[in-house]
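Undergrad: Got a structure for you, written out below as structure tokens; questions coming shortly.
The values are calculated or read from the model by the stated rules, or taken from the named source; none is laboratory data. Keep in mind that this is a model prediction, so the values were computed, not measured. Methodologically, a virtual Cβ is constructed for each residue, glycine included, from the backbone with ideal geometry; neighbour enumeration extends over all protein chains shown.
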Amino acid sequence: MSKRTAWGILFPGQGSQYVGMGKGLAERYAAAAETFREADEILELPLSRIAWEGPEEELIQTKNAQPAILVHSVAVLRALAEGAPAAAVAAGHSLGEFSAHVAQGTLSFPEALRAVRLRGELMFQAGEARPGTMAAILGLDDEVVEALCEEVSQEDSVCVPANLNAPGQVVVSGDLSAVSRARDRAKGEGARKVIPLTVSGAFHSPLMKPAEDGLRSFLEGVEFADPKVPVISNVTGRSVRSGSEARELLIRQLTAPVRWRASVEAMLEQGAQSFVEVGPGRVLCGLNRRNARGWDCQTLGEADEVETWLQDGAAH
């Protein structure tokens, strides 16, 4: 690959966490170990122990999973140091958008870490106050899912598209009864598969309005800089070029759908020639098989992947 490759950097969101995440990275790279130690100190909780040892029931809690994923992504970048891919454009899926902004200097690591810990707590609280759920619908066009959500929604029971992830993959979110109706309707429309998701609330839906208000109160006191390269917003599927715009869109993100398919299309329009997913898992590279068919996507999350990348640095 040419040294002039324009990288699109992807940062994963909640659901990519796993027990042991970042442990091997911290054992091999001092900068990664220091990142986890710093996070423990900032949050005043043993996040590294939760990420590395679990138990899984503790790690998957929204308030723990979100900061753990952000820390893992930042630890990878710090382990890479000058060998990190030079981004032409960046994006992160839901929570991952915070990681993208840290990487591009919009937000400091400590402030982002505090924000996503609070974000997870607020989302959980909103889910307790008004129980909701989510379901993945596979095999239907976005427009069909949007229409059936409107059809099953009532004044006191709503269902909305929450993640427009890839062609034929949409996640819906909302009140328990409305999502149940949407699942039944989707099967009737010929969905290939309908998968209930195990979540603590109706994320990216109007049910998260209390969480949005709480996050706004926090982020209004946080300093935002303009990103070094464009970061694509989940909310708009377009470039964010100023700190003030980044703040507002990170707040709105809690109740707005994640327009991931549009985000990847925007990255290609911005000149991304190849992609790299920085952090735990490979969910986003998997989605790129449909969103950016034929474009290379590499994962950078495990110690061996980082080592291989650094050894092959001349090729990047």
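Undergrad: Going by the conditions given, is V172 assigned to a strand (DSSP E or B), closer than 27 Å to L95 by Cα and of a type outside the set (F, W, Y)?
TA: The answer is yes for V172.
Undergrad: Moving on to the next point. What single numbered condition from (1) out of contact with any Lys or Arg (no Cβ under 9 Å at 6 or more places or on another chain); (2) touching a residue at least 40 places away in the same chain (Cβ under 8 Å); (3) not hydrophobic (A, V, I, L, M, F, W, C) fails to hold for T255?
TA: For T255, the failing item is (1).
Undergrad: Applying the selection to the stretch 24-34, what residues are hydrophobic (A, V, I, L, M, F, W, C) and either touching a residue at least 12 places away in the same chain (Cβ under 8 Å) or closer than 17 Å to P280 by Cα (or both)?
TA: Across the stretch 24-34, the qualifying residues are L25, A26, A31, A32, A33.
Undergrad: Look at the stretch 202-219 and say how many of its residues are within 16 Å of the chain's Cα centre (by Cα) and either in a helix (DSSP H, G or I) or at positive phi (or both).
TA: So the count comes out to 1.
Undergrad: Now for a different question. Consider G168 carefully, then state whether it is small (G, A, S), touching a strand residue (DSSP E or B) at 6+ places or on another chain (Cβ under 8 Å), surrounded by fewer than 23 Cβ atoms within 10 Å (Cβ to Cβ) and in contact (Cβ under 8 Å) with a residue 40 or more places away in the chain.
TA: For G168, the condition - small (G, A, S), touching a strand residue (DSSP E or B) at 6+ places or on another chain (Cβ under 8 Å), surrounded by fewer than 23 Cβ atoms within 10 Å (Cβ to Cβ) and in contact (Cβ under 8 Å) with a residue 40 or more places away in the chain - is met.
Undergrad: Out of all the residues in the stretch 51-76, which are of a type outside the set (S, T, N, Q) and buried (at least 23 other Cβ atoms within 10 Å of the Cβ)?
TA: A51, A65, P67, A68, I69, L70, V71, H72, V74, A75, V76
Undergrad: Has the stretch 134-149 got at least one residue that is out of contact with any strand residue (DSSP E or B) (no Cβ under 9 Å at 6 or more places or on another chain), free of Cβ contacts under 8 Å to residues at least 24 places away in the same chain and surrounded by fewer than 17 Cβ atoms within 10 Å (Cβ to Cβ)?
TA: Yes, the conditions are met somewhere in the stretch 134-149.
Undergrad: Say we look at the stretch 49-69 and pick out the residues that are touching a Lys or Arg at 6+ places or on another chain (Cβ under 7 Å) and not basic (K, R); which of these is farthest from E128 (Cα to Cα)?
TA: W52
Undergrad: Can you pull out every residue in the stretch 275-291 that is part of a loop (DSSP other than H, G, I, E, B) and surrounded by fewer than 23 Cβ atoms within 10 Å (Cβ to Cβ)?
TA: Selection gives G281, R282.
Undergrad: Of the residues that make up the stretch 250-268, is at least one of a type in the set (V, I, T), assigned to a strand (DSSP E or B) and farther than 19 Å from V171 by Cβ?
TA: No: zero hits.
Undergrad: Also, quick follow-up: Can you pull out every residue in the stretch 220-246 that is assigned to a helix (DSSP H, G or I) and surrounded by fewer than 20 Cβ atoms within 10 Å (Cβ to Cβ)?
TA: Passing the criteria: G243, S244, E245.
Undergrad: So, in the stretch 35-92, exactly how many residues are part of a helix (DSSP H, G or I) and free of Cβ contacts under 8 Å to residues at least 40 places away in the same chain?
TA: Looking only at that region, the number is 16.
Undergrad: Right, another one. Given the structure, is A136 farther than 15 Å from S16 by Cα and outside the structural domain of V158 (by TED's automatic domain parsing)?
TA: It is false that A136 is farther than 15 Å from S16 by Cα and outside the structural domain of V158 (by TED's automatic domain parsing).
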